[in-house]
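Novice: Take a look at this one; I'll ask things after.
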Amino acid sequence: MTPFQTARTLALAASLALPAPLALAQAPDPADWAQVTEAAEGQTVYWHAWGGDTATNDFISWVGDRVMAEHGVTLEHVKLSDTGDAVTRVLSEKQAGEDADGAVDLIWINGPNFAAMKDAGILFGPFAEDLPNWQYVDVDGKTVQTDFTVPTEGLEAPWAMAQVVFMYDTADIEGPLPSAEAIRDWAANNPGRFTYPQPPDFLGATFLKQTLIELVDDNAVLGAPVDEADFQAVTAPLWDYLDALTPNLWRQGRAYPASGPAQIQLLADDEIDLAISFNPNEASRNIAQFKLPETIRTFVLEDGTLGNASFVAIPYNSGSKAGAMVVANYLMSPEAQVRAQDPEVLGYNTVLDMQALSDEQRAAFDALELGVATLSPAELGRVQPEPHPSWMTRVTEEWIERYGVVQ
Amino acid sequence: MSRRTISGAGPFAAAPVLTVLVMLGPVAAGLAGTLLPAFGYLPAAGLDAVSLDPFRDLADWPGLWPAMRLSVTTGLAATLLALGGVALLFAGWSGTRAFRALERLLSPLLSVPHAAMAFGLAFLIAPSGWIARALSPWATGWERPPDLLIVQDPWGIALTMGLVAKEMPFLLLMALAALGQTDARRRLRVAQAAGYGRVAGWLKAVFPGIYAQIRLPVYVVLAYSMSVVDVALILGPSTPPPLSVQVVRWMSDPDLSMRLVASAAALLQLALVLGALALWRLGEALVARLGLAWIERGARARLADRVLRPLGVVSGGFSAAVILAGLAGLAVWSLAGFWSFPEPLPRGFTAQNWMRHGPGAWEATGLTALVALASVGLALALVVGCLEAEYRRGRALSQAGLWLIYLPLLVPQIAFLPGLQTLLLVLGFGAGPGPVILGHLVFVLPYVFLSLGDPWRAWDGRAGTVARALGAGPLRVLLRVRLPMLIRPLLTAAAVGVAVSVGQYLPTLLVGGGRVPTLTTEAVALASGGDRRAIGVYGVAQTLAVMVPFAAALMLPALIYRNRRGLHG
């Protein structure tokens, strides 16, 4: 095949590709909201978000209906199996010089992926704190301006709060397990009944971090980049712990569920009795939807559990930035937040400050009932801050080397 | 062949050239796009230091050996078992009523998408799956599922079983097509008259002729089984996964330099496939030698029938049972309310899952149909062009031409699609249905060609002669006589093409940049979530998307020929 022929083939490919959007709008000024909404009308926003959770998919689809009705914005959910795919996409587009109308308009993001995009300078903004609904956001009480210790600087807008809980089957476990050590000991007595999603899955990596925080004496070291610490010394207790735990895991640690929902299916099939979740309400919702038995309840560890916010960010080369901002703003609206917190829909805690809302808006939140397996805010207890994102990356890499290629 | 007849191909002379270009262009471009980064050259990512570092990084990956071993063992085992099963089925049963029944059962199963089959099988054999539920607790004593590593086992047995079940219908159909050209019935009769057992006689007298005809499809099965991604994601192990799955993981790493390692691994995958093909070729020579000695010894082996005949029907039945039970499992899950172990059926049935996921599946069906119809339309136009050019030149496809057609199916998708994706991106058209349609065309075209070739050549040329005598030009003969007479094989070829297009996972994902969600990509994305009800809905929708065109291909000709019964091609 000569280069000439290759070029011809590709030219054919080009002629068959759908026409690109005609006008590449100038980046709108988020502070001029009237201009943003005007520019947004008729735009199509490709929201790249993990597609493995059907409840979230339904929520995104509902958001699409609402922004279409209110602002004429078409929302397309690009269902990723890994958020890294979207980051790679934007990076490759930048390298290829596609600066005006990339494939990604909005990403559900946090942690290392955000840090990577921020570092690479491929995010649009700042925009988040100029959005009209920012006025309702609980800036003081919730970690909405830092993402895994990295300042967001308006480059991403929060839309949900998450906290680690453990789901357990009361038919098989008598009561909450207070610590990582208690989990390990329980697993030793009940081999094969616990597992976690296989890192680098987000939730699996979260389990590693949660355990690390439990086992490390002084958590301050985790707040700084991993390069500034003695990684082997700090993480040694984690590997000792996992060496002891792994033989007692489901399938002796020779296989892992691919993701959080896959782990829930194992719980439903009664293959396991204990599973981690990043949504305090996930168990209740799945019970309500007949996907988990009614005997499932949740607990948190005595020293508290990890918590963080989920964000959306806009790549620098989105061709529909106005539309993306409209979606980000809508996600922070009291209407969307009530729905996201509804245990029957998603059950994520809101990012909003109740004091900033009108009485009527607050009443809508108050009217939400806790699900059967959901802990109250008081019971959820202390929220542990996320370690610096570099810890998640390093711990995941180390895990893969130690446990991910064992056979 | 005289100069005059070559020019006689007229406007169709360009079709074969264009076809080869459309099929091999992307493969060659993609391989180039893989080759350069594998040696460190990826200027798009600011990397242009040519070196062997990507291969060193690859060698440093601790999972490399098990990943390579998995790729080779599952691929070879799946191909051997599928071929052996088909051979035994033919040897023991061809010409019988049981054979015809199995043939009718297996043929449509060819079109069931790999991903749907894999989901079905996973639910069937898991420790908490359907088989265990049906037997628990009364037979097994299991009140809760045992902690057994069945799906995702480190040896890739579940993956191999899935591939065997899925590839048997393909080899069966290929062998059926070859049967007519090998004079099988008379050979077997002669062998049996000489006192040979049924199985031994068939293996000695008929199989060598058949195998010579289906050698290329067997190679396709081997190359495919070694480098499959979607089935391996669902049924294969993950600590580590087979090499092809790991390539996809590296391709989607946020760190662009991992693409270099991915490219190096993709080249390694290609080398593995080539090595396995060479090994298989050696095996052929060895089997031929041993077989010849076996034939010359003249053993009648009548007793072997008692063992091998049941084995043949069991292997055919295995394939059909696995696929059908898997599909039934998907259908039940798509309608399931709460369903816990060890209940053999859900506590209640509900339409809720379809109401929730139906609209999304319907939307994906639209894009799936657009891509499938466009790629199949292009493929049909090119194939008809090629066949017409071949007819007008009076020269049939050479062996080399056949290899060209099979080439895109022999090169592992994972070896050239990542390169193609990078290349398309650099050239500025990386997303949207257009490139995906062309990407699908590469894989649809060979199957359409293979499906349409024989009936096209078998057309009775006298009808054309009569039309010419009545004053019709060659184009008119094609449009008004030949195509209408061949409407049945044309529709069948189109249905085969649609099935191939619907089932494509990697080309859609990589070339489409995620913006072209089809039923298959959505279903595989959902698989990572493990929501069996949603997977059930998408799996059923995916299967319908290929079954409906097949049904149409069967029924439409009956309608069209209603008043023209004599016009069958």
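The values are calculated or read from the model by the stated rules, or taken from the named source; none is laboratory data. Everything quoted here is computed from the prediction, not taken from an experiment. In this analysis, Cβ positions are derived from the backbone assuming ideal geometry, glycine residues included, and neighbour counts consider all displayed protein chains.
Novice: Take the residues in region A:278-299 that are under 19 Å from A:THR350 (Cα atoms) and surrounded by fewer than 23 Cβ atoms within 10 Å (Cβ to Cβ); name whichever of them is farthest from the other protein chains (Cβ to nearest Cβ).
Specialist: The residue in question is A:PHE278.
Novice: Read through the list (1) part of a loop (DSSP other than H, G, I, E, B); (2) not assigned by TED's automatic domain parsing to the domain that holds A:PRO178, then give the number of the only condition that A:PHE365 fails.
Specialist: Every listed condition holds for A:PHE365 apart from (1).
Novice: Looking at region B:455-466, is at least one residue under 21 Å from B:PRO113 (Cα atoms), in a helix (DSSP H, G or I), not assigned by TED's automatic domain parsing to the domain that holds B:LEU235 and not aliphatic (A, V, I, L, M)?
Specialist: Taking every residue of region B:455-466 in turn, none turns out to be under 21 Å from B:PRO113 (Cα atoms), in a helix (DSSP H, G or I), not assigned by TED's automatic domain parsing to the domain that holds B:LEU235 and not aliphatic (A, V, I, L, M).
Novice: Of the residues A:THR170, A:THR195, A:THR211, which is more than 14 Å from every other protein chain (Cβ to nearest Cβ) and farther than 30 Å from A:MET117 by Cα?
Specialist: A:THR170
Novice: Consider B:ARG488 carefully, then state whether it is at pLDDT 90 or above, part of a helix (DSSP H, G or I), away from chain A (no Cβ under 14 Å) and surrounded by fewer than 24 Cβ atoms within 10 Å (Cβ to Cβ).
Specialist: Considered against the rule, which asks whether it is at pLDDT 90 or above, part of a helix (DSSP H, G or I), away from chain A (no Cβ under 14 Å) and surrounded by fewer than 24 Cβ atoms within 10 Å (Cβ to Cβ), B:ARG488 comes out as no.
Novice: How many residues are within 15 Å of the chain's Cα centre (by Cα) and acidic (Asp, Glu) if we restrict to region A:126-177?
Specialist: 2
Novice: If the requirement is being surrounded by fewer than 23 Cβ atoms within 10 Å (Cβ to Cβ) and outside the structural domain of A:LYS142 (by TED's automatic domain parsing), which of these qualifies: A:ASP273, A:ASP240?
Specialist: A:ASP240
Novice: Which count do you get for residues in region A:225-272 that are among the aliphatic types (A, V, I, L, M) and under 26 Å from A:ASP82 (Cα atoms)?
Specialist: Of the residues in that region, 12 qualify.
Novice: Only one residue in B:LEU410, B:LEU438, B:LEU424 is crowded, with 24+ Cβ neighbours inside 10 Å, outside the structural domain of B:GLN246 (by TED's automatic domain parsing), among the hydrophobic types (A, V, I, L, M, F, W, C) and under 22 Å from the mean Cα position of the chain (by Cα). Which one?
Specialist: Unique residue meeting the criteria: B:LEU438.
Novice: Within region B:311-331, can you find the residues that are within 17 Å of B:MET168 (Cα to Cα) and not aliphatic (A, V, I, L, M)?
Specialist: Matches in region B:311-331: B:GLY312, B:SER315, B:GLY316, B:GLY317, B:PHE318, B:SER319, B:GLY326.
Novice: Within region B:376-419, work out how many residues are under 20 Å from B:LEU274 (Cα atoms) and assigned to a helix (DSSP H, G or I).
Specialist: Summing the residues that are under 20 Å from B:LEU274 (Cα atoms) and assigned to a helix (DSSP H, G or I) in region B:376-419 gives 19.
Novice: A further question on this structure: Select from region A:82-110 the residues that are facing another protein chain (nearest Cβ under 7 Å) and out of contact with any Leu (no Cβ under 8 Å at 6 or more places or on another chain) and list them in ascending order.
Specialist: Across region A:82-110, the qualifying residues are A:ASP82, A:GLY84, A:ASP85, A:VAL87, A:ARG89, A:ALA103.
Novice: Assigned to a helix (DSSP H, G or I), more than 23 Å from B:ARG564 (Cβ to Cβ), in contact with a Gly (Cβ under 7 Å, 6 or more places away or on another chain) and not charged (D, E, K, R): which single residue out of B:VAL511, B:VAL496, B:VAL502, B:VAL540 fits that description?
Specialist: Just one listed residue meets the conditions, B:VAL511.
Novice: Does region A:287-334 hold any residues that are in contact with a helix residue (DSSP H, G or I) (Cβ under 9 Å, 6 or more places away or on another chain), under 27 Å from A:MET167 (Cβ atoms) and part of a helix (DSSP H, G or I), and which are they?
Specialist: A:LEU331
Novice: How many of the residues making up region A:245-261 are surrounded by fewer than 23 Cβ atoms within 10 Å (Cβ to Cβ), part of a helix (DSSP H, G or I) and either in contact with a Lys or Arg (Cβ under 6 Å, 6 or more places away or on another chain) or at the interface with another protein chain (Cβ under 7 Å from one of its Cβ atoms) (or both)?
Specialist: Adding up the residues that qualify gives 2.
Novice: Scan region A:39-53 for residues that are touching a helix residue (DSSP H, G or I) at 6+ places or on another chain (Cβ under 8 Å), touching a residue at least 40 places away in the same chain (Cβ under 8 Å) and either farther than 19 Å from A:PRO126 by Cα or in the same structural domain as A:GLY260 (by TED's automatic domain parsing) (or both) and report the count.
Specialist: Going through region A:39-53 one residue at a time, the tally reaches 7.
Novice: When only residues in region A:29-57 that are part of a helix (DSSP H, G or I) and more than 18 Å from A:ILE109 (Cα to Cα) count, which is farthest from the other protein chains (Cβ to nearest Cβ)?
Specialist: Residue satisfying both the conditions and the ranking: A:ALA34.
Conditions (1) over 30 Å from B:SER136 (Cβ atoms); (2) modelled with pLDDT under 95, marked per residue:
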{"position": "B:TRP354", "(1), (2)": "no, yes"}
{"position": "B:ALA361", "(1), (2)": "yes, yes"}
{"position": "B:THR365", "(1), (2)": "yes, yes"}
{"position": "B:SER375", "(1), (2)": "yes, no"}
{"position": "B:ALA379", "(1), (2)": "yes, no"}
{"position": "B:VAL384", "(1), (2)": "yes, yes"}
{"position": "B:GLU388", "(1), (2)": "yes, yes"}
{"position": "B:ARG392", "(1), (2)": "yes, yes"}
{"position": "B:ALA396", "(1), (2)": "yes, yes"}
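Novice: Also, I was wondering about something else. How many residues, within region B:521-551, are at pLDDT 90 or above and within 13 Å of chain A (Cβ to nearest Cβ)?
Specialist: 3
Novice: Kindly indicate whether B:LEU506 is surrounded by 23 or more Cβ atoms within 10 Å (Cβ to Cβ), modelled with pLDDT under 90 and within 21 Å of B:PHE170 (Cα to Cα).
Specialist: Yes, satisfied.
Novice: Criterion first (away from every other protein chain (no Cβ under 14 Å), at pLDDT 95 or above, surrounded by 18 or more Cβ atoms within 10 Å (Cβ to Cβ) and assigned to a helix (DSSP H, G or I)) does B:GLY75 satisfy it?
Specialist: yes
Condition check ((1) within 14 Å of chain A (Cβ to nearest Cβ); (2) in a loop (DSSP other than H, G, I, E, B); (3) at positive phi) across all residues:
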{"residue": "B:VAL86", "(1), (2), (3)": "no, no, no"}
{"residue": "B:LEU102", "(1), (2), (3)": "no, no, no"}
{"residue": "B:ALA116", "(1), (2), (3)": "no, no, no"}
{"residue": "B:PHE123", "(1), (2), (3)": "yes, no, no"}
{"residue": "B:ALA132", "(1), (2), (3)": "yes, no, no"}
{"residue": "B:GLU143", "(1), (2), (3)": "yes, yes, no"}
{"residue": "B:VAL164", "(1), (2), (3)": "no, no, no"}
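Novice: Of all the residues that make up region B:332-357, how many are more than 12 Å from chain A (Cβ to nearest Cβ) and either of a type in the set (Val, Ile, Thr) or part of a helix (DSSP H, G or I) (or both)?
Specialist: Looking only at that region, the number is 3.
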